[in-house]
Amino acid sequence: MEQIQTKRIVLGISGGIAAYKCAELTRLLVNQGIQIQVAMTEAATHFITPTTMQALSGKPVYSNQWGEHTADHMAHISLSRATDAIIIAPATADFIAKLAHGLADDLLSTLCLARNCPLLLAPAMNKQMWENPATQRNIQQLVADGVTILGPVSGTQACGEEGMGRMQEPVELARAVVAFFQPKLLSGVKVLLTAGPTYEAIDAVRGMTNRSSGKMGYAIAQAALELGAEVTLISGPTALSSPHGAVLMNVTSAAEMFDLVKNHVADVNIFISVAAVADYRVAQPNKQKMKKSASGLTLELLPNPDILGYVTGLPKPPFCVGFAAESHNLHEYAATKRKTKKVPLLAANLVQQAIGADDNELVLFDDAGEHVLPRADKLTLARALLQHVIKLYRQGN
Ligand code: C5P
């Protein structure tokens, strides 16, 4: 994991209504230890005040080429020299046009033209402006110039219209910034994940499931994307949105999850089985809602297929990672499970600490023994887990 805490970024804000989201974006980046220097166009100051941005970034905001922040009026040079990347969010149609044509008529555009660091843009505008051939030409030109374009996405727009042109949400942009700095250690590597619980129907409205939020599996998918992997995520029912860039396939039951894994495992390099698959399914689920009866109910349960067991049993299995959630005897059960599941790496956690929580603690079991990944938020843990996976995967390939 690249040390994101050492990074310095210029956040350039141009004048669009999405500018208000920059307050949240700044907070998210600063929370990760990234140093943010804000530079705004004059128009942007009408949408969000420099005072707000200064308070959140902890640094004076540059908005005027002729300001007093630098004695020699060379802010456009000094700012870009001391930075690892510039991100423009929101990037308006006008600002994009300026960048595509190399115009430099204010501090932010001059700073972009004078830069010697990567430039990322998060476009935000009305859908007609986005679809206008002029904007599309400008975007193509910028891509050809090596600029990274983040979004936009489709949705309801400030003007009330629906369509493409919304700025990506701050949480997505913050993730994209972190991902941008990661060495692409998994470039060309196909990663298949299962995540979340499975739901086994009893009748039309009732069912059995495992408690699982899916947060750990989705975090690993996110961390794999950051490292450049091609990620397919087969997920049971969760309340989470798909990590940007992953192929997400939603399933309900273990049988559906098993079918999709069988269909997609063929050319996969790494399989990470995070799903809390229900051990049993109802032998004959009732298609209609069953009526209550005072005499009780007996259900016949059949064992579900062991999805991870199927993958490890393939003639040429991918590198497999299993998960174990235990309520007690974590070390003993997990070490045994690694052997019975025949996985080179098993990640174990205590259910009472893990389920639904935003942070967790993992103990990794492999041929070399145990490795503790100390308590952290699930994305941080996922990144640490993948560093371990990459080490073992490379040893075997
Ligand atoms: O439920 P259990 O503790 O046995 O799960 C261990 C590992 O096996 C997990 O990685 C889980 O995703 C996987 N598993 C599976 N199919 C099942 C049960 C568990 O793939 N039917």
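The values are calculated or read from the model by the stated rules, or taken from the named source; none is laboratory data. What you see is a predicted model; the values in this text were computed from it and never measured. Methodologically, a virtual Cβ is constructed for each residue, glycine included, from the backbone with ideal geometry; neighbour enumeration extends over all protein chains shown. Just the protein is used for accessible areas: all its heavy atoms, side chains included, with ligands, DNA and RNA removed. Shrake-Rupley method; radii C 1.70, N 1.55, O 1.52, S 1.80 Å.
Top to bottom by accessible area (1.4 Å), largest first, where do Asp105, Asp366 land?
Details: Asp105 100, Asp366 15 Å².
Per-residue accessible area, sorted high to low, gives Asp105, Asp366.
Note down the magnitude of the dipole of the chain about its Cα centre, charges +1 on Lys and Arg C-beta and -1 on Asp and Glu C-beta and zero elsewhere, to the nearest 20 debye.
Values: 34 positive and 34 negative charges, 174 e Å.
Using only the charged Cβ atoms, the result is roughly 840 debye.
Jot down the radius of gyration and Dmax of the chain, Cα atoms only, both in angstrom.
When restricted to the Cα atoms of the chain, Rg and Dmax are 24.8, 88 Å.
Computing the accessible area with a 1.4 Å probe over protein heavy atoms, can you report the carbon and sulfur percentage for the range 203-308?
The nonpolar share, carbon plus sulfur, comes to 49 percent.
Given +1 on the Cβ of Lys and Arg, -1 on the Cβ of Asp and Glu, and no further charges, what dipole in debye does the range 190-395 carry about its Cα centre, rounded to the nearest 20? Spell out each step's value before the answer.
Numbers: 21 positive and 19 negative charges, 74 e Å.
In total the dipole reaches around 360 debye.
Which of the peptides 81-91, 385-395, 338-348 is most tightly packed, and how do the rest follow, going by the mean number of other Cβ atoms within 10 Å of each residue?
Numbers: 81-91: 22.5, 385-395: 17.5, 338-348: 19.7.
Ranked by mean Cβ neighbours within 10 Å, highest first: 81-91, 338-348, 385-395.
So the label point goes 7 Å from the Cα of Lys59 along Cα→C-beta, right? Which residues of the range 129-157 then have their backbone N under 19 Å from it?
Hits in the range 129-157 for Lys59 at 19 Å: none.
Specify whether the C-alpha gyration tensor of the range 136-206 places it in the rounded, prolate or oblate class, a ≥ b ≥ c being the square roots of the eigenvalues: rounded for a/c under 1.5, otherwise prolate if a/b is larger than b/c and oblate if not.
Values: a/c = 2.93, a/b = 1.40, b/c = 2.09.
Oblate.
Rounded to the nearest Å, what's the spacing between the alpha carbon centres of the range 176-205 and the range 231-253? Just the number, please.
Answer, in whole Å: 6.
Could you put Cys112, Cys159 in order of accessible surface area, largest first, with the 1.4 Å probe and the full protein assembly present?
Working: Cys112 0, Cys159 80 Å².
The ordering from most to least exposed comes out as Cys159, Cys112.
Place +1 on the Cβ of every Lys and Arg and -1 on the Cβ of every Asp and Glu in the chain, take the dipole about the Cα centre, and give the residue among Pro90, Leu330, Gly160 whose Cα lies farthest towards its positive end.
Selected residue: Leu330.
Evaluated at 25 °C with a viscosity of 0.890 mPa s, what Stokes-Einstein diffusion coefficient in µm²/s does the range 190-395 have when Rh comes from the Kirkwood expression over alpha-carbon pairs?
Values: Rh = 17.5 Å.
Result for D is 140 µm²/s.
Keeping all protein chains in place, calculate the accessible area per residue for the chain (probe 1.4 angstrom), answer in Å².
Working: 18710 Å² over 397 residues.
Here the per-residue accessible area is 47 Å².
Per-residue accessible area for His331 at 1.4 Å probe radius, Å² rounded to 10?
Its heavy atoms expose roughly 80 Å² to the probe.
Of Asn360, Thr298, Thr380, which is farthest along the charge dipole of the range 190-395 in the positive direction, counting Lys and Arg as +1 and Asp and Glu as -1 at C-beta?
Farthest towards the positive end: Thr298.
Relative contact order for the chain using alpha-carbon pairs under 8 Å, separation at least 6, rounded to a whole percent?
Details: 823 pairs, mean separation 43.7, N = 397.
So the answer I get is 11 percent.
How much of the accessible area of the range 8-181, in percent, comes from carbon and sulfur atoms when a 1.4 Å probe is used? It would help to have the intermediate numbers written out before the result.
On the way: 4060 of 7570 Å².
Carbon-and-sulfur percentage of accessible area, whole number: 54.
Where does each of Thr41, Thr238 land when they are ordered by accessible area, with a 1.4 Å probe and the largest first?
Numbers: Thr41 10, Thr238 45 Å².
Largest to smallest exposure gives the sequence Thr238, Thr41.
Test of understanding: express the Cα radius of gyration of the range 8-181 as a ratio to 2.2 N^0.38 Å, with N the residue count.
Values: Rg = 14.8 Å, N = 174, 2.2 N^0.38 = 15.6 Å.
Here the answer is 0.95, to two decimals.
Considering the options Gln284, Phe319, Leu350, tell which one lies farthest towards the positive end of the dipole of the range 237-351, charges being +1 on Lys and Arg and -1 on Asp and Glu at the Cβ, about the Cα centre.
Sorting the options by dipole projection puts first Gln284.
One-quarter of the Cα convex hull surface for the range 310-385, in nm²?
Details: hull surface 21.1 nm².
Orientation-averaged projected area of the Cα hull: 5.3 nm².
Please give the charge dipole size of the range 8-181, origin at the Cα centre, charges +1 on K and R Cβ atoms and -1 on D and E Cβ atoms. Round to the nearest 20 debye. Intermediate values should be presented prior to the final figure.
Details: 11 positive and 14 negative charges, 69 e Å.
Dipole about the Cα centre, nearest 20: 340 debye.
Two-decimal Rg/Rh of the range 97-184 from alpha-carbon positions, Kirkwood Rh? Intermediate results must be reported in sequence, preceding the final value.
On the way: Rg = 13.9 Å, Rh = 14.1 Å.
With Rh from the inverse mean 1/r over Cα pairs, Rg/Rh is 0.98.
Give the distance, in whole Å, between the Cα centre of the range 267-300 and the Cα centre of the range 88-107.
What the calculation gives is 55 Å, centre to centre.
Full extension from Ala376 to Ser242: what is 0.36 nm times the residue separation minus their Cα-Cα distance, to one decimal in nm?
Stretched out fully, the Ala376 to Ser242 stretch lengthens by 46.1 nm.
Alpha carbon centre of the range 3-50 versus the range 312-327: separation in Å?
Here the two parts' Cα centres lie 42 Å apart.
Compute the FRET efficiency between Thr252 and Val153 as 1/(1 + (r/R0)^6), taking r as their Cβ-Cβ distance and R0 = 22 Å, and round to the nearest 0.05. Mind dumping the intermediate values first?
Working: r = 27 Å, r/R0 = 1.22.
Between Thr252 and Val153 the formula returns 0.25.
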